[in-house]
Amino acid sequence: MAELKNLFDGLSLDYLAACDYAKTGQSLLAFVPAGTLVAAAKRLLADGWHLEDIGALDCVEGYVVSYHFAHYERPGRVTVRALAAHDKPELPSIAGVYGGAEWHEREVRDFHGVVFAGNPNFVPLLLDPDMAECFPLRKDEKTRMKAREILEAGEALFVRPSFTLMTPDAPAGGDAAAAKA
Amino acid sequence: MPTELIRILISLVAFAAAVGLIALVMVWVERKVCGHIQRRPGPYEVGPWGLLQPLADALKLMGKQLVMPDQADPFLYWLAPILVFVPVLLLYLPLPVGDGLYALDINLGVLLIIAFAGFTGLSMILGGWAQNNKYALLGAARTVSQSVAYEIPMLLSVLAVCFVSGSLNMAAVVKEQGTWPWNWNVMTQPLAFVIYIVSALGETNRAPFDLPEAESELTAGYHTEYSGMGFGMFFLAEYANMIVVASVATVLFLGGWQGPVLPGPLWFLLKVSLLVLLFVFFRWTYPRVRFDQLLNINWKWLMPLAVANLALTAFFVKVAQYAFVK
Amino acid sequence: MTRNADMEQVAGDFYAENFAKDASEGSLILNLGPQHPSTHGVLRVLVELDGEYVLRAEPVIGYLHRMHEKMAEVKTAAQYIPNMGRVDYGHAIAWNWAFVGAVERLAGIEVPPRAEYVRVITCELNRIASHLLWWGAYLLDLGAFTPIMYAFDDREKILDILQSPTGARLTFSYFRIGGVARDLDEDCVKAIREFIPWMRSRLPMYKEFVSDNIILRRRIEGVGVFEPDLCRRYGATGPVSRGSGLAYDVRRDEPYSVYPKLDFVVPTSDLMDARGRYDVRMEEMAQSLNIIESCLDQMPEGDTLVKGAPKPSWKVPKGETYFAVEGGRGKIGVHLVSDGGKNMYRVKLRSPSYSNLSLFAEASRGTLLADAVAILGSLDLIIPEIDR
């Protein structure tokens, strides 16, 4: 564990937390800014982690895209999260690092409409191409929850001061600022 | 000459009927044997022991609408299933079923069979091409390389037997062999026999060499788009071809109609049936080889072996001629 | 048939056009599926052929997509269990487990010890059935028609056994939050005890008649070599990664339930080819039998459902968790997020076949068409699981 939390050393993170594996199924949680995503993926691949899945979550602040990684030789699970804003959901693709990400990113695009810039074959995967503008897992304003209410915060190891997504007592009206961060 | 012609016509009709009947029986046998290999009873609902099942299937096939794909070539499309079957009937002409029981007594019987056997491949190519279907096209392409490849070792192994017998006349080849198994050509030419059987499987596209119609790769290969009797003709031709290659093997290697006690035609039928049963066993017990492996088996093993066998045979025949005859 | 002629014919289909865009001159674009004997359902693979060689391949999926993840948003947790039986018809019980396990982990529900053993027994029986299904179908892909009849004979015995406690033969929804629906009765335990030696006697026969056959060996040895790096980049798990020498099994490496108490070996193969994956699955069947046997020996008496087990209207507590189990095809993961409401907020299903298939495009490049079919089969695909 001591080693695991140093995994992203030197990268620009928003949030890093250790999680209780027995309860959450995750060991390390990291929120990264979009610009760090590819570098974080490269770091994980170099350390031997494989990509399990990519899934998005529609929250008030935006689409929280979760990348789950596991290791063939070591226990534990690393969750890397990035936030894509509602009005312009775009993240860089990690398909250049993890080839398997191509499909997962296309799936996220089908379900939530998040655009992954740099995906080599960014066409609909599971849904019909005619449904390209229908995103079934997007939620409406009423049902959206705040990320901090439903997502595991873990035991924070590092929080960028401007990052308020997981801060328990966020100031009122801070959501819009968080989405831009 | 007219008597000859009448004889040919009568035997053609007889062969057509016989082939149709035997094919029906063989479909039943194949399904029964396959069923028992797979621990299930096989057909048993229609008729006693399911004997009428192939007939019911045939009637069903005949009753089906004949469908042609939109952009297919109609002439070639319908020519192919006819072309695949007619030459098969001609192949039976020089086959001696019993002593003196044959349609056409010609000195080049073996040659005739081998020449006409090429027609089957041709019609498969035509059919595969005419359907305007990519699977069929790939199947046809496979047929070309497979038939061309396997005809050569087959021919060489047949030639070796003809060298020993000193004749291309099928009846003469049979007469050359004796009543008992140790008098048959398979004893003097075991390698040629093995080569012949393997090539025959390749020639008739039977498993494990059923690549032109490899179901898991090409859906149904060269006959993908054929329905009803169009498919039925290809199906029938496959069985008719199987009988031909088994009959030729019987004539050349297993003493033809020769055998103790039982009458000749019965022996002939028995030997052919055993060989056909062997083919059926192969089909239901082996996986399919890959295309490059198929060609490798042919060009790297069967061909050199067949050539060596032929050369050795020719050498020994000549030596024997000089040493003992003179 | 020139390429241009092909283009005219395929025009209209989005994926075919998208694929044909990058085609090289003189190649043939072939559409395998969605109705094709070797695609085991409705998988479609676009391949660009140069003669018999595959230049490029692209799986097109989604023909069996049912949006299970959306259904989770309109169902309570208990109502969602039957969905899990329908994600993967091959190893439905493992999917039951993945979802139920995620809910239990989030809600902190302890499962009675007997229920844990019952879960392992049924899950392993289902795994053997799943591998038998693969085995038969794979040999069918390779042109051997007979093995599937024997495989289904054995599989039938398993389904007969599972039928009595689960009430289903294929799409099991047997697990409950906090246990299982019904206990294994005496007859069932007896039938399982009888099945173990039967299956043990069958495996050597399969090896002798099928696995050692020279044609089969030539078809799968050296075909579809997946380097460990390839598995890592595509997230391949299960027999696919174990066949490449990566000894990773969720049952051992992310232990859940009573697996740590059970003695079993995680079979791996260093061959990395279709043969390696074949051997791993064949050995896994033997290992599953060992697991079942030791479970039957260790199984305590007691309840199979926790006292006060959740009712269908029960709400999953707020929070998120990730739970993974080892299915017949690899790691099945469920990422569950609940807002504490009646329905779940988000359920993300990680299906192993999906990741395993995603490496096909890269692995099939430059192979023969027949090899591509052999590689596809060696991945052990269950299409509904890929499409979800």
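Only residues that are under 15 Å from B:VAL110 (Cα atoms) and part of a loop (DSSP other than H, G, I, E, B) were counted across region B:149-185, and they come to 4. Taking region C:234-247 on its own, how many of its residues are at the interface with chain A (Cβ under 9 Å from one of its Cβ atoms), touching a helix residue (DSSP H, G or I) at 6+ places or on another chain (Cβ under 7 Å) and either in a loop (DSSP other than H, G, I, E, B) or under 15 Å from C:ALA361 (Cα atoms) (or both)? Within region C:234-247, residues that are at the interface with chain A (Cβ under 9 Å from one of its Cβ atoms), touching a helix residue (DSSP H, G or I) at 6+ places or on another chain (Cβ under 7 Å) and either in a loop (DSSP other than H, G, I, E, B) or under 15 Å from C:ALA361 (Cα atoms) (or both) number 5.
Residues C:GLY330, C:GLY377, C:GLY319, C:GLY302: which one is small (Gly, Ala, Ser), within 12 Å of another protein chain (Cβ to nearest Cβ) and surrounded by fewer than 24 Cβ atoms within 10 Å (Cβ to Cβ)? The match here is C:GLY319. Strands (runs of 3 or more DSSP E) fully within region C:307-388 that include at least 1 residues being of a type in the set (Lys, Arg): C:330-338, C:346-350. Applying the criterion of being in contact with a Ser or Thr (Cβ under 8 Å, 6 or more places away or on another chain) and more than 8 Å from every other protein chain (Cβ to nearest Cβ) to the residues of region C:334-361, the residue that is surrounded by the most Cβ atoms within 10 Å (Cβ to Cβ) is C:PRO352.
At least 1 residues being away from chain B (no Cβ under 14 Å), in contact (Cβ under 8 Å) with a residue 40 or more places away in the chain and touching a Pro at 6+ places or on another chain (Cβ under 9 Å) is the threshold, and among the strands (runs of 3 or more DSSP E) wholly inside region C:23-90 those reaching it are C:53-60.
Out of the residues in region A:160-174 that are over 18 Å from A:SER66 (Cβ atoms) and touching a strand residue (DSSP E or B) at 6+ places or on another chain (Cβ under 9 Å), which is modelled with the lowest pLDDT? Once the filter is applied, the top-ranked residue is A:THR167. Quick check on C:GLU208: is it closer than 30 Å to C:VAL373 by Cβ, outside any loop (DSSP other than H, G, I, E, B) and more than 21 Å from the chain's Cα centre (by Cα)? Yes, satisfied. Within region A:76-92, if we keep just the residues that are of a type in the set (Gly, Ala, Ser) and more than 14 Å from chain C (Cβ to nearest Cβ), the residue that is farthest from the chain's Cα centre (by Cα) turns out to be A:ALA85.
When residues in region B:255-264 are screened for being aliphatic (A, V, I, L, M) and within 13 Å of B:SER165 (Cα to Cα), 0 of them pass. Scanning region A:131-151 for residues that are at pLDDT 80 or above and either more than 17 Å from the chain's Cα centre (by Cα) or not in a helix (DSSP H, G or I) (or both) yields a total of 14.
Being under 29 Å from C:TYR138 (Cβ atoms), in contact (Cβ under 8 Å) with a residue 12 or more places away in the chain and under 26 Å from the mean Cα position of the chain (by Cα) holds for only one residue in B:LEU295, B:LEU310, B:LEU275, B:LEU305, and it is B:LEU295.
C:ARG388 fulfils the conditions (1) of a type in the set (Lys, Arg); (2) touching a helix residue (DSSP H, G or I) at 6+ places or on another chain (Cβ under 9 Å); (3) closer than 30 Å to C:PRO112 by Cβ except for a single criterion, (3). Under the condition of being buried (at least 17 other Cβ atoms within 10 Å of the Cβ) and touching a Gly at 6+ places or on another chain (Cβ under 6 Å), the residues counted in region B:52-83 number 3.
Tallying residues that are within 11 Å of another protein chain (Cβ to nearest Cβ) and hydroxyl-bearing (Ser, Thr, Tyr) within region C:104-146 yields 2.
Within region A:72-87, the set of residues being of a type in the set (Gly, Ala, Ser), within 24 Å of A:THR164 (Cβ to Cβ) and out of contact with any Asp or Glu (no Cβ under 8 Å at 6 or more places or on another chain) comprises A:ALA82, A:ALA85.
For A:ALA17, the conditions (1) part of a strand (DSSP E or B); (2) crowded, with 22+ Cβ neighbours inside 10 Å; (3) not acidic (Asp, Glu) are fulfilled apart from (2). Among the residues of region C:82-98, is any surrounded by 24 or more Cβ atoms within 10 Å (Cβ to Cβ) and either over 16 Å from the mean Cα position of the chain (by Cα) or over 26 Å from C:PRO239 (Cβ atoms) (or both)? Among the residues of region C:82-98, not one is surrounded by 24 or more Cβ atoms within 10 Å (Cβ to Cβ) and either over 16 Å from the mean Cα position of the chain (by Cα) or over 26 Å from C:PRO239 (Cβ atoms) (or both), which makes the answer no. Would it be correct to say that C:LEU159 is surrounded by 20 or more Cβ atoms within 10 Å (Cβ to Cβ), of a type outside the set (Val, Ile, Thr) and in a helix (DSSP H, G or I)? Against the criterion (surrounded by 20 or more Cβ atoms within 10 Å (Cβ to Cβ), of a type outside the set (Val, Ile, Thr) and in a helix (DSSP H, G or I)), C:LEU159 does not qualify.
Within this structure, C:ILE291 passes the test of being hydrophobic (A, V, I, L, M, F, W, C) and part of a helix (DSSP H, G or I).
Contact annotation: residue pairs with Cβ atoms under 9 Å, 6 or more positions apart or on different chains, pairing a residue in region C:207-221 that is facing chain B (nearest Cβ under 10 Å) with a partner that is β-branched (Val, Ile, Thr) and assigned to a helix (DSSP H, G or I), are C:PHE209/B:THR285; C:ASN213/B:THR285; C:LEU216/C:VAL210. With a requirement of 2 or more residues that are touching a Lys or Arg at 6+ places or on another chain (Cβ under 7 Å), the helices (runs of 4 or more DSSP H) lying completely within region B:208-326 that satisfy it span B:228-253, B:264-285, B:291-296.
All conditions but one from (1) within 14 Å of chain C (Cβ to nearest Cβ); (2) more than 27 Å from C:LEU140 (Cβ to Cβ) apply to B:PHE85; the one that does not is (1). The number of residues in region C:356-388 being in contact with a strand residue (DSSP E or B) (Cβ under 7 Å, 6 or more places away or on another chain) and either of a type in the set (S, T, N, Q) or under 19 Å from A:LEU51 (Cβ atoms) (or both) comes to 7. Tallying residues that are assigned to a loop (DSSP other than H, G, I, E, B) and either more than 10 Å from every other protein chain (Cβ to nearest Cβ) or crowded, with 23+ Cβ neighbours inside 10 Å (or both) within region A:96-124 yields 9.
The number of residues in region A:125-137 being more than 10 Å from chain C (Cβ to nearest Cβ) and either of a type in the set (Ser, Thr, Tyr) or surrounded by 16 or more Cβ atoms within 10 Å (Cβ to Cβ) (or both) comes to 1. If you take just the strands (runs of 3 or more DSSP E) that sit entirely in region A:25-71, which of them hold at least 2 residues that are within 10 Å of chain C (Cβ to nearest Cβ), touching an Asp or Glu at 6+ places or on another chain (Cβ under 6 Å) and among the acidic types (Asp, Glu)? Where strands (runs of 3 or more DSSP E) fall fully within region A:25-71, none carries at least 2 residues being within 10 Å of chain C (Cβ to nearest Cβ), touching an Asp or Glu at 6+ places or on another chain (Cβ under 6 Å) and among the acidic types (Asp, Glu).
The values are calculated or read from the model by the stated rules, or taken from the named source; none is laboratory data. Quick caveat: nothing in here was measured; it's all calculated off a predicted structure. Here the Cβ is made from the backbone with ideal geometry for all residues, glycine too, and neighbour counts use every protein chain on show.
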